[in-house]
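This report refers to the structure that appears directly beneath it.
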Amino acid sequence: MSRSQIWAPWRITYIQGLSQPAQPDEADSCFLCAAAAAQDPLTSRERLVLMQDERGMMLLNRYPYTNGHLLIAPATHLADLTDLSVDQRNGMMELAELGCRLLRKAMVPQGLNVGLNLGRCAGAGLPGHVHMHVVPRWSGDVNFMDSVGNVRVIPQALEDTWQLLADTLAKL
C-alpha cells in the first residue's frame, strides 16, 4: 500500500505558535482584535471577517477543523466568559445562532458542533480573547483523520468558503 500526502502548509504558523508563551500585552498581537479593528471591506475579507456589529463578529477560522469552521467573538479583548458583560455574552449567543443558520443554509451540514475552549490546557489556541467555535459536521466526515493520520482534510479553499458564506449571509 502506498502512502499519500496531504499538504496543509498554512498550518505551520499555527503549530509553531502553540509552543510560544502568552505575551504580556497579548491584545497587540491578537488576530481577533486585528479583525475587529478592520475598517474597510478589503481588510475585513483578508482577515476572513464575515460580519461585525455591536454584538461582536463572525469570521472564518484560518486553521479550520473542517470547511466552514466559524469563530464568534466580542470585539473586546477579554479572556473568559466571566469577563464579559451580559450584553456581550448574549451577543455571542445571537451570533452563534446566526452562524448556525448560515452554515445550515450555505453548506447543508447534518450536524453542528458549537463550543468554547477556555484556557490553553482546554484547547484554546488564543486563550486571551474568548471566542466560540461553530463547526459544521457531516455523517462520515473525516474526523478520524486527525487522530489516525495526524492530518485534517479541508476540501475547499478559505477564500471560496468565505465567498459562499458572505453571499449566503447577505440573503439571510
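The values are calculated or read from the model by the stated rules, or taken from the named source; none is laboratory data. No experiment lies behind these values; they were computed from the predicted model shown. Virtual Cβ from ideal backbone geometry, glycine too; neighbours counted across all protein chains shown.
What the table shows:
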read-out	value
Residues that are modelled with pLDDT of 70 or more, surrounded by 13 or more Cβ atoms within 10 Å (Cβ to Cβ) and not in a helix (DSSP H, G or I), drawn from the range 143-172	154, 156
Failed condition for residue 98, given (1) without any contact (Cβ under 8 Å) to a residue 60 or more places away in the chain; (2) farther than 16 Å from residue 138 by Cα; (3) outside any loop (DSSP other than H, G, I, E, B)	(1)
Wholly within the range 1-90, helices (runs of 4 or more DSSP H) carrying at least 2 residues that are within 16 Å of the chain's Cα centre (by Cα), surrounded by 14 or more Cβ atoms within 10 Å (Cβ to Cβ) and modelled with pLDDT of 65 or more	31-37, 41-46
Members of the range 115-126 that are surrounded by 13 or more Cβ atoms within 10 Å (Cβ to Cβ) and modelled with pLDDT under 85	120, 124, 125
Residue within the range 98-106 that is among the charged types (D, E, K, R), modelled with pLDDT under 95 and surrounded by fewer than 20 Cβ atoms within 10 Å (Cβ to Cβ) present	no
